[in-house]
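See structure below.
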Amino acid sequence: MKKVLLAVLCLAVLGLSTGCDDKFKAEVEKENSAVKLLREVERGGYGIVKTDELKKMIDSGKDILIIDTMPYEASYKKSHVPGAKQFLFPIPDMKEWDVKETDGKTQEDYIALLGPDKDKTIVIYCGFVKCTRSHNGAVWAKKLGYKNVYRYPGGIYAWKGAGNAEAKVE
């Protein structure tokens, strides 16, 4: 009986130890994600907006342009933030404009979507924090001279996770 109790106690201690290790490893992953996002924002020169802040902008009727940077058929058509326009950007950094990576769309097409008002608030998102399509969209908006550019890093996953209704293409 003592051996059984000792074995159970050892397993419990090992299990707790493993649980603690996982907690610490999970924290390292959170840190890596946070620092990666921060460095992208610094490099891109744009701002960021959280889910509740974007929801307040939308609910207030603020004049904003929201851009969904995910593929049309595989994502945008299924669900997107209400009022968002779709414009595909690639995941890896797009240092030069590449029409193959933007679904055949040109830099002029992006400028036409962004519009002539360089002071307009523009919010760009993709699927989730680790996705960098929104980073590319925001970087290009800044390169093109737009001043009030924000990345919504949580994207459609955070939008849905907060219980917000999403729009669908009918």
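The values are calculated or read from the model by the stated rules, or taken from the named source; none is laboratory data. Worth saying up front: this structure is predicted, and the values here are computed from it rather than measured. As a convention, Cβ positions derive from the backbone with ideal geometry for all residues, glycine included, and neighbour counts pool all protein chains shown.
For residues in the stretch 73-110 being in a helix (DSSP H, G or I) and crowded, with 16+ Cβ neighbours inside 10 Å, which is modelled with the highest pLDDT? If you could, list the steps in order and put the result at the bottom.
Pass one, the stretch 73-110, residues in a helix (DSSP H, G or I): 73-76, 107-110.
Retained after the next criterion (residues that are crowded, with 16+ Cβ neighbours inside 10 Å): 75-76, 110.
On the way: S75: 93, Y76: 94, Y110: 98.
My answer is Y110.
How many residues does the stretch 46-67 hold that are over 15 Å from I124 (Cβ atoms) and in a loop (DSSP other than H, G, I, E, B)?
Taking the stretch 46-67 and keeping what is over 15 Å from I124 (Cβ atoms), we get 52, 55-56, 59-63.
When the remaining residues are screened for being in a loop (DSSP other than H, G, I, E, B), the result is 61-63.
Number of matching residues: 3.
Can L114 be described as surrounded by 10 or more Cβ atoms within 10 Å (Cβ to Cβ), hydrophobic (A, V, I, L, M, F, W, C) and modelled with pLDDT of 95 or more?
yes
Go through the stretch 31-45 and count every residue that is in a helix (DSSP H, G or I), over 15 Å from the mean Cα position of the chain (by Cα) and surrounded by 10 or more Cβ atoms within 10 Å (Cβ to Cβ).
Step one: of the stretch 31-45, the residues in a helix (DSSP H, G or I) are 31-44.
In the following step, the residues that additionally are over 15 Å from the mean Cα position of the chain (by Cα) were identified as 31-32, 42-43.
Next, from what is left, pick out any that are surrounded by 10 or more Cβ atoms within 10 Å (Cβ to Cβ): 31-32, 43.
Here the count works out to 3.
Inside the stretch 141-153, can you point out the residues that are surrounded by 23 or more Cβ atoms within 10 Å (Cβ to Cβ) and either more than 8 Å from the chain's Cα centre (by Cα) or assigned to a loop (DSSP other than H, G, I, E, B) (or both)?
If we filter the stretch 141-153 for residues that are surrounded by 23 or more Cβ atoms within 10 Å (Cβ to Cβ), which is where we start, we get 141, 149-153.
Hits for the stretch 141-153 are A141, V149, Y150, P153.
Out of L37, L65, which single residue is assigned by TED's automatic domain parsing to the domain that holds A141 and either among the hydrophobic types (A, V, I, L, M, F, W, C) or touching a residue at least 40 places away in the same chain (Cβ under 8 Å) (or both)? Working first, answer last.
Values: L37 fails: assigned by TED's automatic domain parsing to the domain that holds A141.
So the residue among L37, L65 that is assigned by TED's automatic domain parsing to the domain that holds A141 and either among the hydrophobic types (A, V, I, L, M, F, W, C) or touching a residue at least 40 places away in the same chain (Cβ under 8 Å) (or both) is L65.
For the stretch 121-140, enumerate the residues that are part of a loop (DSSP other than H, G, I, E, B) and buried (at least 16 other Cβ atoms within 10 Å of the Cβ).
Matches in the stretch 121-140: C126, G127, V129, C131, T132.
Give the stretch 85-112 a look and list any residue that's touching a residue at least 24 places away in the same chain (Cβ under 8 Å) and under 15 Å from C131 (Cβ atoms), or say none.
Kept after step one, since they are touching a residue at least 24 places away in the same chain (Cβ under 8 Å), are these residues of the stretch 85-112: 85, 87-94, 97, 103, 107, 110-111.
Correct list: F87, L88, F89, P90, I91, P92, D93, M94.
Determine whether the stretch 55-66 contains at least one residue that is more than 14 Å from W159 (Cα to Cα), surrounded by fewer than 14 Cβ atoms within 10 Å (Cβ to Cβ), in contact with a helix residue (DSSP H, G or I) (Cβ under 7 Å, 6 or more places away or on another chain) and among the charged types (D, E, K, R).
Checking the stretch 55-66: not a single residue is more than 14 Å from W159 (Cα to Cα), surrounded by fewer than 14 Cβ atoms within 10 Å (Cβ to Cβ), in contact with a helix residue (DSSP H, G or I) (Cβ under 7 Å, 6 or more places away or on another chain) and among the charged types (D, E, K, R).
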